[in-house]
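What follows is a single structure, written as structure tokens, with notes after it.
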Amino acid sequence: MANNTKGRRDFMGMALGGFTALGGIGALYAMKRTWDPLPSVKAAGFTTIDLSAAQPNVLNVEKWRGKPIFVLKKAKDMKTDPRDVVMGDDHFLVAIGLCTHLGCIPAYLGDEHKFKCACHGGEFDASGHQIFGPPPSPLEIPPFKIDGTKLVLGEEGPEYQKMKADGLTV
Amino acid sequence: MAHFDENAKPFSQKWLDERLAVSTLKRVLQTEYWIPKNINFLWAMGMVLAATFGILLVSGIFLLMYYKPDTNLAFDSVNYTIMSEVGYGWLWRHIHGVGASVVFLIIYIHMFVGIYYGSYKRGRELIWLSGMLLFVTFSAEAFSGYMLPWGQMSYWAGMVITNLFSGGSLEAYGLVEWIRGDYVPGDAFLTRFFMLHVLLLPLAIIGLIVLHFGTLRLPHVNNQDGEEIDFEEAAELYKAGKVKESKVIPFSPVFLSKDVFVMGVYFIFFFYLVFYHFEFAMDPVNFDPADGLKTPAHIYPEWYFLWSYEILRPFSKDLGLIAFGIAQVIFFALPFLDRSPNVAPASRRGLFKYWFWAMLIDMIILTFMGKLPPTDALFANIGLIAALTFFALWIALPIITKKEKKL
Ligand code: FES
């Protein structure tokens, strides 16, 4: 008799515990999803930039997903790089303008052809490679698709996919 | 509840006692909560903190009535509506801003007093741990509050701090975007930090304060000499009228009067700051509205985070992150890293005396270096050395305290 009630209590305890755990997992998942970015935020993730009017060695800053995008048309005497976006004869640096260290926006020093991040002194060359300081990797290249003289950010075109396959985007 | 006195008048002492046990409560929390006699004004910092938290709560409630958690409206709701339209709105803001800054000064004093007198040691470990939990929660509270005016420093501090969660080379940007609810700090970010700042974290803080007080009630508060007092015996003496001979006094009203005096002095200082020097708690950069396309020339946190920010800086990204992470939690381990059984002021202990002052000075140096721009090589090197010293001290702690002779 005594054993019997004990067994029944254990069973009730386990059943209750199981349901609580299940409910808890469900609640946690709901909480996680509530904290996720909204669909409208995700949908606003495309931007088109026209590159035909770009001036050599002048940095243009566009905005994509709230982040600054550096667009720099390379002058003829500047080094080209496999990370360049090529359109006809023109080479462009297209990169997310946030320092890969902690996300400050580096400034472009035109005469020295380099970017300098004021936050912790990191530096990048005109192709986005880190050349000094704490940044651990080059400036990131956003997903892009070339469309005539236009660039669609947020969509992966064949050029971007190739870069990505070669591991050049970050 | 065995006996109810039928004749007790409603709300009389007796009537309340039978329903609320007010006398028992008073005894446990006030008149027979024994406090050692030999403690100095530094022990009043706990009550000073509680009072400051109360002030932050009240001023926060008044700010809450006009603040708008929306990226388009937040900046003006603070800098225009509250500051110049709302009657005395400026007062609440200055109180809140100064309070948020000063509360950390007092927390640091409270912490270092505890370290100096060994109040984290055997029997009191949980006081220390709950106190450190409070410190961390206060830090989160301060950070989330700093976001709300949505100025340039708010935005960029939000950017930099949330980027820390990418875990260096782990590149966990999905996690960062999840925390922000957007690709960059935006509306979702602002409203969730608003929620954290006004509801969830204050709630946690209140709970932790209760826990912190609870952990203190039984082991009793430490004293200036680290003396082990037999509280029951001493309490008997006191109750028998031998007040002079007894080593303890009741918390209320005797010790509380000292607390209140210290608080009085503190509030003179506090309101002096509120009325004449509030600008020290207001970064000028934060009076520019947030702009996601322009970084301020030099990003630094408020003064109370500078030391740990400086530990992050001189190393490479991953190493810096690890160092930073350790610096955030290492103080939790203090009761377990200090191997000496001595509960005594640092001045009477062995090498620990030097350890204490070295740690304090090192953290002050880190604080100064954290404020300076990182571009200067000399300062960067001092920062690096100070950061290395910080870790060296923690590694040395168990060794030097193990060697310490028993007093
Ligand atoms: S954020 Fe650029 S160097 Fe740290």
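The values are calculated or read from the model by the stated rules, or taken from the named source; none is laboratory data. What you see is a predicted model; the values in this text were computed from it and never measured. Counting neighbours? That spans all protein chains shown, and the Cβs are built from the backbone with ideal geometry, glycine included. Quick note on the areas: whole protein, heavy atoms, side chains included, nothing else; ligands and nucleic acids left out. Shrake-Rupley method; radii C 1.70, N 1.55, O 1.52, S 1.80 Å.
Some values worked out for this structure:
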item: 1.4 Å probe, heavy atoms, protein only - residues of the stretch B:146-176 losing at least 10 Å² accessible area vs chain alone; result: B:Trp156, B:Met159, B:Val160, B:Asn163, B:Leu164, B:Glu171, B:Tyr173
item: Net charge contributed by nearby residues that have their C-beta within less than 10 Å of A:Asp81 (K/R +1, D/E -1); result: +1
item: Surface accessible to a 1.4 Å probe, per residue, for the residues of the stretch B:32-293, Å²; result: 44 Å²
item: Net length gained if the chain between B:Glu236 and B:Leu175 were fully extended (0.36 nm per residue, minus Cα distance); result: 16.1 nm
item: Tilt relative to chain A, helix A:2-35 - C-alpha long axis, 0 to 90 degrees, to 10; result: 20 degrees
item: Loop trypsin sites (Lys or Arg not before Pro), the stretch B:198-294, which have at most 16 other Cβ atoms in a 10 Å radius of their Cβ (DSSP); result: B:Lys242, B:Lys244, B:Lys294
item: Cross-link pairs beyond the 28 Å C-alpha cut-off, checked among B:Lys258/B:Lys403; A:Lys63/A:Lys164; A:Lys73/A:Lys116; B:Lys37/B:Lys403; result: B:Lys258/B:Lys403; B:Lys37/B:Lys403
item: Axial C-alpha extent at least 18 Å, average Kyte-Doolittle at least -0.5 - helices from chain B (DSSP); result: B:45-64, B:89-117, B:125-147, B:201-217, B:256-276, B:317-329, B:352-371, B:377-403
item: Relative contact order %, the stretch B:300-407, counting alpha carbon pairs below 8 Å whose residues are six or more apart; result: 41 percent
item: Given charges at beta-carbon only (K, R positive; D, E negative), |dipole| of the stretch B:300-407 in Debye; result: 640 debye
item: Accessible carbon and sulfur surface of the protein assembly as shown relative to its total accessible area, %, 1.4 Å; result: 67 percent
item: Percentage of interatomic Cα-Cα distances in the protein assembly as shown larger than 45 Å; result: 32 percent
item: Residue with peak Gaussian network fluctuation, chain B [Cα springs, cutoff 10 Å], from B:Ala386, B:Ala297, B:Ala333; result: B:Ala297
item: Neighbourhood charge, 11 Å Cβ-Cβ cut-off, centred on B:Met47 and excluding it, Lys, Arg +1 and Asp, Glu -1; result: 0
item: Largest to smallest principal axis extent of the C-alpha atoms in the stretch B:263-376, angstrom; result: 54, 46, 25
item: Over 29 Å between alpha carbons, listed pairs B:Lys68/B:Lys317; A:Lys145/B:Lys68; A:Lys145/B:Lys294; result: B:Lys68/B:Lys317; A:Lys145/B:Lys68
item: Of A:Pro143, A:Pro39, A:Pro135, the one that fluctuates the most in a GNM where chain A has Cα springs shorter than 10 Å; result: A:Pro39
item: Cα-Cα separations in chain A greater than 28 Å, expressed as whole percent; result: 40 percent
item: Convex hull projection area averaged over all views, chain B, Cα basis, nm²; result: 25.1 nm²
item: Other protein chain Cβ atoms within 10 Å, averaged over every residue that makes up B:105-115; result: 0
item: At R0 = 45 Å, FRET efficiency that the Cβ-Cβ distance of B:Lys9 and B:Leu200 yields, to 0.05; result: 0.55
item: Dipole magnitude (debye, nearest 20) for the stretch B:32-293, charges at Cβ of Lys, Arg, Asp, Glu; result: 660 debye
item: Mean projected area (nm²) of the alpha-carbon convex hull when the stretch B:147-190 is viewed from all directions; result: 2.7 nm²
item: Summed buried accessible area for A+B [probe radius 1.4 Å, Å², rounded to 100]; result: 2500 Å²
item: Computed FRET value (nearest 0.05) for A:Ser40 with B:Phe267, which takes r as the C-beta separation and R₀ as 51 Å; result: 0.60
item: Shielded residues, the stretch B:279-296 - accessible-area loss of 10 Å² or more between chain alone and all protein chains, probe 1.4 Å; result: B:Gly292, B:Leu293, B:Thr295
item: Order by protection proxy (mean Cβ within 10 Å, highest first), peptides B:308-316, A:17-25, B:376-384, B:53-61; result: B:308-316, B:53-61, B:376-384, A:17-25
item: Lys/Arg +1, Asp/Glu -1 at C-beta; the stretch B:283-407 dipole; positive extreme among B:Ala386, B:Tyr309, B:Ala346; result: B:Ala346
item: Eligible aspartates and glutamates near B:Lys247 by straight Cα distance, threshold 14 Å, same-chain separation 8 or greater; result: B:Glu32, B:Asp225, B:Glu227, B:Glu228, B:Asp230, B:Glu232, B:Glu233, B:Glu236
item: Per residue accessible area in Å² of chain A, where ligands, DNA and RNA are left out and the probe is 1.4 Å; result: 55 Å²
item: Positions from the stretch B:182-214 whose accessible area shrinks by 40 Å² or more when the full protein complex is built, not the chain alone, probe 1.4 Å; result: B:Tyr183, B:Val184, B:Arg192
item: Chain A, dipole about Cα centre (Lys/Arg Cβ +1, Asp/Glu Cβ -1), debye to the nearest 20; result: 1100 debye
item: Unit Cα scatterers, Debye sum, the stretch A:62-103: log10 I(q)/I(0) for q = 0.14, 0.19 Å⁻¹; result: -0.37, -0.63
item: Farthest toward positive dipole pole in the stretch A:43-165 [+1 Lys/Arg, -1 Asp/Glu at C-beta], among A:His101, A:Ala126, A:Ile146; result: A:His101
item: Extension reserve of the B:Gln328-B:Glu18 stretch, reckoned as 0.36 nm per residue once the Cα distance is removed; result: 106.8 nm
item: Gyration tensor (Cα) of the stretch B:1-144, equivalent ellipsoid semi-axes in angstrom; result: 38, 28, 13
